[in-house]
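Enquirer: Please find one structure pasted underneath; my questions will follow.
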Amino acid sequence: MALTIQPESAPLRVDDQGVCRVSGTRVSLESLVHAFQDGATAEEIAQQYPSVPLPDVYATIAYYLKHRPEVDCYLDNLEQEEARVLKEVRSRSPLADLRERLLARRKPVAP
């Protein structure tokens, strides 16, 4: 019996919100890459995200390693967008003023 080697595509898809996820799950590429960057093994990542089969974890890590510049750029863009949205939400929130007043009360008063 001869071994048939066929190329396989990465088990990734982009959802309606533009987030890259592992196919068939809600687990984001960002989550798996950050776990890998934090030193988790593929087996540990599969345990942390049980909806992602171990072969898909390995395939996602392989995709990241082969396409690191593009994935890092994607992750940087995500972080920038998250920071922008958070800043916008905080600026429109009436709680921003309340937070500042509460923090000001915590400061010690000079005698």
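The values are calculated or read from the model by the stated rules, or taken from the named source; none is laboratory data. None of these values were measured; they are calculated from a predicted model. Note that we place each Cβ from the backbone using ideal geometry, even for glycine, and neighbour counts take in every protein chain shown.
Enquirer: Which pairs turn up if I take residues in the stretch 56-73 that are over 15 Å from ARG13 (Cα atoms) and look for partners that are of a type in the set (A, V, I, L, M) with beta carbon separation below 7 Å, at least 6 apart in sequence or on another chain?
Expert: Cβ pairs passing all conditions: TYR58/ALA42.
Enquirer: Enumerate the pairs (first residue in the stretch 2-14 and within 12 Å of ALA59 (Cα to Cα); second residue anywhere and surrounded by 10 or more Cβ atoms within 10 Å (Cβ to Cβ) and of a type in the set (S, T, N, Q)) with beta-carbon separation below 7 Å, excluding pairs fewer than 6 apart on the same chain, so at least 6 apart or on different chains.
Expert: Correct list of pairs: ALA10/THR60; PRO11/SER23; PRO11/THR60; LEU12/SER23; LEU12/THR60.
Enquirer: Take ARG21 and tell me if it is closer than 18 Å to LEU75 by Cα, charged (D, E, K, R) and in contact with a Gly (Cβ under 9 Å, 6 or more places away or on another chain).
Expert: Judged against the criteria, ARG21 is not a match.
Enquirer: Kindly provide the set of residues from the stretch 1-49 that are assigned to a loop (DSSP other than H, G, I, E, B) and surrounded by 11 or more Cβ atoms within 10 Å (Cβ to Cβ), ordered by number.
Expert: Passing the criteria: ALA10, PRO11, VAL19, SER23, GLY24, THR25, ARG26, VAL27, ALA40, THR41, TYR49.
Enquirer: While we're looking at this one, here's another question. Among the residues of the stretch 68-76, is there at least one that is part of a helix (DSSP H, G or I) and among the β-branched types (Val, Ile, Thr)?
Expert: Yes, there is a match, as at least one residue in the stretch 68-76 is part of a helix (DSSP H, G or I) and among the β-branched types (Val, Ile, Thr).
Enquirer: In the stretch 28-45, is there at least one residue being in contact with a Gly (Cβ under 9 Å, 6 or more places away or on another chain) and either free of Cβ contacts under 8 Å to residues at least 40 places away in the same chain or small (Gly, Ala, Ser) (or both)? Can you show your working first?
Expert: Filtering the stretch 28-45 for residues in contact with a Gly (Cβ under 9 Å, 6 or more places away or on another chain) gives none.
Within the stretch 28-45 (the criterion being in contact with a Gly (Cβ under 9 Å, 6 or more places away or on another chain) and either free of Cβ contacts under 8 Å to residues at least 40 places away in the same chain or small (Gly, Ala, Ser) (or both)), the answer is no, since none of the residues qualifies.
Enquirer: With the structure loaded, tell me whether VAL52 is farther than 17 Å from ARG13 by Cβ and either in contact with a Ser or Thr (Cβ under 6 Å, 6 or more places away or on another chain) or surrounded by fewer than 12 Cβ atoms within 10 Å (Cβ to Cβ) (or both) or whether it fails that test.
Expert: So VAL52 does not fit the description; no.
Enquirer: Regarding GLY39, is this residue at pLDDT 95 or above, at positive phi and not acidic (Asp, Glu)? Talk me through it step by step, then tell me what you get.
Expert: On the way: at pLDDT 95 or above: yes; at positive phi: yes; not acidic (Asp, Glu): yes.
Answer is yes for this residue.
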